[in-house]
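Enquirer: Next up is a structure, given as structure tokens.
The values are calculated or read from the model by the stated rules, or taken from the named source; none is laboratory data. None of these values were measured; they are calculated from a predicted model. Cβ coordinates were reconstructed from backbone atoms using ideal geometry, including for glycine residues, and neighbour counts include every protein chain displayed.
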């Protein structure tokens, strides 16, 4: 099959050299077959291989070809769904476990980067910013909840004057600043995880789509164009790109397109003036803006989401316009890179983990909150396969409904629903 290259992004242009792994030809036996080599799949493979399992990792294109290699790359606490919603879905005790896992996910990134010497420009700090007075009120409520209920003390409130002393924009009224969160180069991070998994014994095959699989009491057989994998366990981590490989999972997630631009290098002085503390920044709108600086002093800015599945509008120009709404002083700056691609969302914005059979696990539905959660999800599924499934099973308890409308109407229904939130952002 023809392997699609990575998106023509800043990340691809600045990626470390990585070998091209061969496609699978023939039959291979293993303990665990992982399908999908983004952060979740690479983390799963790494943690299993370190436990002594024989692991095969299949990727249809290149390592981190999907969202893991082209995202906004902000590693932040919590889920895309607020904790209040998680408590309603699974109860307070389980919600606390899920919160603790999301915080551990941030620590895991730093641990993996240090242990495996992954050069991915990891930078500490995240600012969640308020644009409207109601946002600022919500920030105070969130801070009280995180400190009082979850004993999360790496976060503090920044008033407007402090925010404006750090961000060269008059757009924001306040912010929550978290030192435990951060940002990184997502493609280099995932490539580093894959290399670490390979050193631990994982066999990686690129250009190898898992077409389908058959499962019996003795194990699973995963069929590819050039051969098959016979495995005791299967982990499906291909998200929206699994498609017909796992039809039972398709109705629970939806692909939405996101877009990012990267400016030309601004020079250290001009770049640092934009975000003086070097943190990642995002706002509180439903269709949010998010941005950060790169290691070579560019501004990376994301601010468009396309729910329609159509590519008729000029996403780079629209994203640049949003960037200038935050930093009008960049009107003279060229855009060197503009890219986009699909991420997966669930209807309730909580991650969707579970089993299709006792030996077939899946991880999907990170809903734009995946840089940290994908890594800890891989560790949790590895723990579950090894016999310690308590935390994985807490996440598997989160209920998930199908997107309404069936195959023909589910996307138009989503577009109409999102129109409500776009209008709400304006109020």
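Enquirer: Do any residues in the stretch 133-156 that are surrounded by 14 or more Cβ atoms within 10 Å (Cβ to Cβ) have Cβ atoms under 6 Å from those of residues that are in a loop (DSSP other than H, G, I, E, B), where the two are at least six apart or on different chains, and which pairs are they?
Expert: Matching pairs, first to second residue: 135/284; 136/173; 146/152.
Enquirer: In contact with a helix residue (DSSP H, G or I) (Cβ under 6 Å, 6 or more places away or on another chain) and part of a helix (DSSP H, G or I): which single residue out of 144, 210, 175, 197 fits that description?
Expert: 197
Enquirer: Which ones in the stretch 178-194 are in contact with a strand residue (DSSP E or B) (Cβ under 8 Å, 6 or more places away or on another chain) and in a helix (DSSP H, G or I)?
Expert: The answer is 194, and nothing else.
Enquirer: Restricting to the stretch 351-405, what's the tally of residues that are out of contact with any strand residue (DSSP E or B) (no Cβ under 8 Å at 6 or more places or on another chain) and more than 22 Å from residue 187 (Cα to Cα)?
Expert: 17
Enquirer: Somewhere in the stretch 95-106, is a residue in contact with a strand residue (DSSP E or B) (Cβ under 8 Å, 6 or more places away or on another chain) and assigned to a loop (DSSP other than H, G, I, E, B)?
Expert: Checking the stretch 95-106: not a single residue is in contact with a strand residue (DSSP E or B) (Cβ under 8 Å, 6 or more places away or on another chain) and assigned to a loop (DSSP other than H, G, I, E, B).
Enquirer: Being within 16 Å of residue 71 (Cα to Cα), modelled with pLDDT of 90 or more and either in contact with a helix residue (DSSP H, G or I) (Cβ under 7 Å, 6 or more places away or on another chain) or crowded, with 21+ Cβ neighbours inside 10 Å (or both) is the requirement here; does residue 274 meet it?
Expert: no
Enquirer: Could you please find all residues in the stretch 251-271 being outside any strand (DSSP E or B), surrounded by fewer than 18 Cβ atoms within 10 Å (Cβ to Cβ) and in contact (Cβ under 8 Å) with a residue 12 or more places away in the chain?
Expert: Matches in the stretch 251-271: 251, 264, 265, 267, 268, 270.
Enquirer: Related question: What about residue 163, is it out of contact with any helix residue (DSSP H, G or I) (no Cβ under 8 Å at 6 or more places or on another chain), at pLDDT below 95, buried (at least 19 other Cβ atoms within 10 Å of the Cβ) and not in a strand (DSSP E or B)?
Expert: Criteria not met by residue 163.
Enquirer: Restricting attention to the stretch 61-79, which residues are out of contact with any helix residue (DSSP H, G or I) (no Cβ under 6 Å at 6 or more places or on another chain) and assigned to a helix (DSSP H, G or I)?
Expert: 67
Enquirer: Could you check the stretch 36-60 and list, in sequence order, the residues that are more than 13 Å from residue 196 (Cα to Cα) and in a helix (DSSP H, G or I)?
Expert: Passing the criteria: only 40.
Enquirer: (1) touching a helix residue (DSSP H, G or I) at 6+ places or on another chain (Cβ under 6 Å); (2) outside any loop (DSSP other than H, G, I, E, B): which one isn't true of residue 355, the others all being true?
Expert: Among (1) touching a helix residue (DSSP H, G or I) at 6+ places or on another chain (Cβ under 6 Å); (2) outside any loop (DSSP other than H, G, I, E, B), the lone unmet condition for residue 355 is (1).
Enquirer: Something else: Quick one: how many residues across the stretch 80-89 are surrounded by 19 or more Cβ atoms within 10 Å (Cβ to Cβ) and at pLDDT 95 or above?
Expert: So the answer is 1.
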